[in-house]
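Comments concern the structure below.
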Amino acid sequence: MDIRDRYAPSPTGLQHIGGIRTALFNYLFAKAKNGTFVLRLEDTDRSRYDDVFTDNLYDTFKWLNFSWDEGPDIGGPYKPYIQSERVALYKAYAEKLVESGRAYYCFCSSERLDALRKEKEAAHSPETGYDRLCGNIDRTEAAARAKKEAHTIRLKIPLGETTRFTDILLGEIEWKNDDINPDPVLLKSDGFPTYHLANIVDDHLMNITHVLRAQEWLSSTPMHVILYKAFGWEAPAFCHLPMVMGQDGKKLSKRHGATSINEFRKNGYLPEALINYIALLGASYEEGKEIYTLKDLAERFSLDKLNKAPAIFDYKKLEWYNAQYIKMSSDENLAALALPFAIEMNLFGSGALGPTEKQKELFIKAMPLVKERALLLPEIPQKIAYLFSAPVPAPPDEFIPKKSNLASAIKLLQMGSDIIQEMAEEDDEGAEKIAKAKAEKEGVKLGDLLMPLRVAITGGRVSPPLFLSVRLLGADICGQRIQYSLESLRKEKV
Ligand code: GLU
């Protein structure tokens, strides 16, 4: 069997973790089975539709760097892949169900339906939804009325029966038809289909073999199964994916932190880190192995690796993944990823749209200074800002080693000044040797010698590695910063 699955978002919101997880699992399943992954836009809810959300969808996937085999933008044998362009089709299929007696025209006004709902609410009736009034109209009469009167088309749910289907993950599911929303609307009075009708018609016409979707759709599936039966079609295999929860066990939402992919992108996450982490939400692969590329995942994915239990979204773990991917990036690649954040914080001069050639070179060379420690991309330019402009002078206390005083700090800094030229010409090992020799000669601790030097050059006690910083800045700039600090410290003294 040729496996075909799909991601079928409704463009009524920004792409978020849950949606991308669904898309990713469908993508991986199709790849693992040599199948076809389809993108279909379910844009029939026109009141909530906005172009912004469709743009966001394409933009997000472009950034994540994985894509579909058939879809609105690239076409395919079952086009169009946008439901609003298929409206006539749904209407024809709904009419077919009316002809076969599986659905009926409903002429109830929205006022009647409102009144009915209020009445049931007031009576605390356990029954909700439509009272099936129009289901009793004679079919010939209804057909005649439908030619003149506004109407919807409702699916007739066969009462007194039980609907069963097998979910690949959850097993046998049974649902009493009497508990299903009474006679849901398939076609609205404006001729637009509801989600249920369009979704089923398209999954059938597009030969979808597997529906992998979020568990929140599970309660709609019995009704979908009835709809497939009504059409006389075979239903695809269903697999409802475990929910994604926050640490508190509640459904992941804005309360927990970022949820839209845009936010993660703006906060400095790498797409590979997000994909790696999202792929493990509700699935387990090899014990002890945590880093997977998209290709690794596609080779390993199978539905029996999915967990039934809800997945917990752990922001800290995602950060850890990001740090790993930052570490694994080449200097050039990491610099390119961090560049927009550097421009945004005016690292290359206020208002500069980009770095000069020299600045760019320095930026790339500075990556080893931050690679090992950065969790998120914006930290990168922040941590190396002192390479691009003189740091804000640190207060005098910062220069003074423990149990020492200002006079000693000045002496230590002077010693540092003596060796800065030599240090700037050496690699890490060489620079350390020079510093050690100086400390020994002067009878001071190596740490005490380097500390005021670090503060003068980088602006703080905690900074990226000093020796490489000295090399990148060069002896002249380091010398100037040391002199500047010496002068201010001397002023303090008097
Ligand atoms: N359009 C639905 C959504 O927005 C699709 C659900 C399904 O996959 O069937 O999630």
Quick check for me: using +1 on Lys/Arg Cβ and -1 on Asp/Glu Cβ, what's the dipole size of segment 1-70 about its Cα centre, in debye to the nearest 20?
300 debye
Could you please state, rounded to a whole Å, how far the C-alpha centre of segment 260-295 is from the C-alpha centre of segment 306-324?
8 Å
For segment 1-93, max minus min Cα coordinate along each principal axis, in Å, sorted largest first?
36, 30, 20
The answer for the net charge of residues other than L375 whose Cβ lies under 13 angstrom from its Cβ, with Lys and Arg +1 and Asp and Glu -1, is +3
Amide proton proximity set for T36, modelled H, under 5 Å, gap of 5+
I3, R4, D5
Between segment 339-378 and segment 1-58, the Cα center-to-center distance that results, in Å
35 Å
In segment 282-358, what is the volume of the convex hull around the alpha carbon atoms, normalised per residue and reported in Å³?
140 Å³
If you average the alpha carbon positions of segment 102-132 and of segment 390-407, how far apart do those two centres end up, in angstrom?
77 Å
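With all distinct Cα pairs included, what does the Kirkwood hydrodynamic radius of the chain come out to in Å, to one decimal, could you say? Walk me through the numbers on the way to the answer.
Working: mean 1/r = 0.0364 Å⁻¹.
Answer for the chain: a Kirkwood hydrodynamic radius of 27.5 Å.
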A correct Karplus calculation of ³J(HN,Hα) over segment 434-444, with 6.51 cos²θ - 1.76 cosθ + 1.60, θ = phi - 60°, whole Hz and x for Gly and Pro, returns 4, 5, 4, 4, 5, 4, 4, 4, 8, x, 10
List the lysines whose alpha-carbon lies under 16 Å from that of K148, not counting same-chain residues fewer than 8 positions away?
K188
What shape does segment 280-323 take by its C-alpha gyration tensor, where a ≥ b ≥ c are the square roots of the eigenvalues and a/c under 1.5 counts as rounded, a/b above b/c as prolate, and the rest as oblate?
oblate
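With a/c under 1.5 counting as rounded, go ahead and sort segment 165-226 into rounded, prolate or oblate using the C-alpha gyration tensor (a ≥ b ≥ c being the square roots of the eigenvalues; past the cut-off, prolate if a/b is larger than b/c, else oblate). Working shown, then result.
Values: a/c = 2.37, a/b = 1.27, b/c = 1.87.
Taking the square roots of the gyration eigenvalues as a ≥ b ≥ c, segment 165-226 is oblate.
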Residues whose placed amide H lies under 5 Å from that of H16, excluding near-sequence neighbours
I261
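Taking every pair of distinct Cα atoms and averaging 1/r, then inverting, what Kirkwood hydrodynamic radius in Å comes out for segment 409-494? Before the final figure, lay out the partial values.
Details: mean 1/r = 0.0791 Å⁻¹.
After inverting the pairwise mean of 1/r, the radius is 12.6 Å.
Between their Cα atoms, which of K316/K433; K250/K305; K316/K436 are more than 31 Å away from each other?
On the way: K316/K433 39 Å; K250/K305 23 Å; K316/K436 39 Å.
Listed pairs above 31 Å: K316/K433; K316/K436.
Would you mind telling me the share, in percent, of accessible area of the chain contributed by carbon and sulfur at probe 1.4 angstrom?
The nonpolar share, carbon plus sulfur, comes to 51 percent.
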Distance in nm between K188 and D167 label points, each 7 Å along Cα→Cβ, equals 2.8 nm
Convex hull volume per residue for segment 393-456, taking Cα atoms only, in Å³:
78 Å³
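Under 1.5 on a/c is rounded, so check that first for segment 51-185, then, if it is not, pick prolate when a/b is larger than b/c and oblate when it is not; a ≥ b ≥ c are the square roots of the alpha carbon gyration tensor eigenvalues. List each step's numbers first, then the result.
On the way: a/c = 1.93, a/b = 1.56, b/c = 1.24.
Because a/c hits 1.5 or more and a/b exceeds b/c, segment 51-185 counts as prolate.
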Mean projected area, convex hull of alpha-carbon positions in segment 44-92, reported to one decimal in nm², is 4.2 nm²
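Normalised by the number of residues in segment 390-438, what is the relative contact order in percent for Cα pairs under 8 Å and 6+ residues apart?
Worked out over segment 390-438, it gives 21 percent.
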Evaluate the Kirkwood expression for the hydrodynamic radius of segment 317-421, namely the inverse of the mean inverse distance over all pairs of different C-alpha atoms, and round to one decimal in Å.
15.8 Å
Per residue, how large is the accessible surface of segment 395-435? Use a 1.4 angstrom probe and give square angstrom.
57 Å²
Testing the spin-label approximation: label points 7 Å from Cα along Cα→Cβ at R48 and S84. State their distance in nm.
1.5 nm
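Can you tell me what percent of all Cα-Cα pairs in segment 210-339 are more than 16 Å apart?
Working: 5899 of 8385 pairs.
Percentage above 16 Å: 70.
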Tell me which residues come under 5 Å, amide H to amide H, from L241 once H is placed; ignore anything under 5 positions away on its chain.
R213, A214, Q215
For the Cα atoms of the chain, what angle does the longest principal axis make with the long axis of helix 17-32, in degrees from 0 to 90, nearest 10?
80 degrees
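Just how many % of Cα pairs in segment 349-401 lie over 15 Å apart, if you round to the nearest whole percent?
On the way: 802 of 1378 pairs.
Percentage above 15 Å: 58.
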For the chain, what is the percent of antiparallel DSSP beta bridges, rounded to the nearest 5?
55 percent
What FRET efficiency would be calculated for the residue pair K229, K266, taking the C-beta separation as r and a Förster radius of 45 Å, to the nearest 0.05?
0.45
Using θ = phi - 60° and Karplus 6.51 cos²θ - 1.76 cosθ + 1.60, couplings along segment 324-332 (whole Hz; Gly, Pro as x):
5, 6, 5, 4, 7, 6, 6, 4, 4
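The values are calculated or read from the model by the stated rules, or taken from the named source; none is laboratory data. It should be emphasised that the depicted structure is a prediction, and the values quoted were computed from it without experimental measurement. Here the Cβ is made from the backbone with ideal geometry for all residues, glycine too, and neighbour counts use every protein chain on show. Quick note on the areas: whole protein, heavy atoms, side chains included, nothing else; ligands and nucleic acids left out. Shrake-Rupley method; radii C 1.70, N 1.55, O 1.52, S 1.80 Å.
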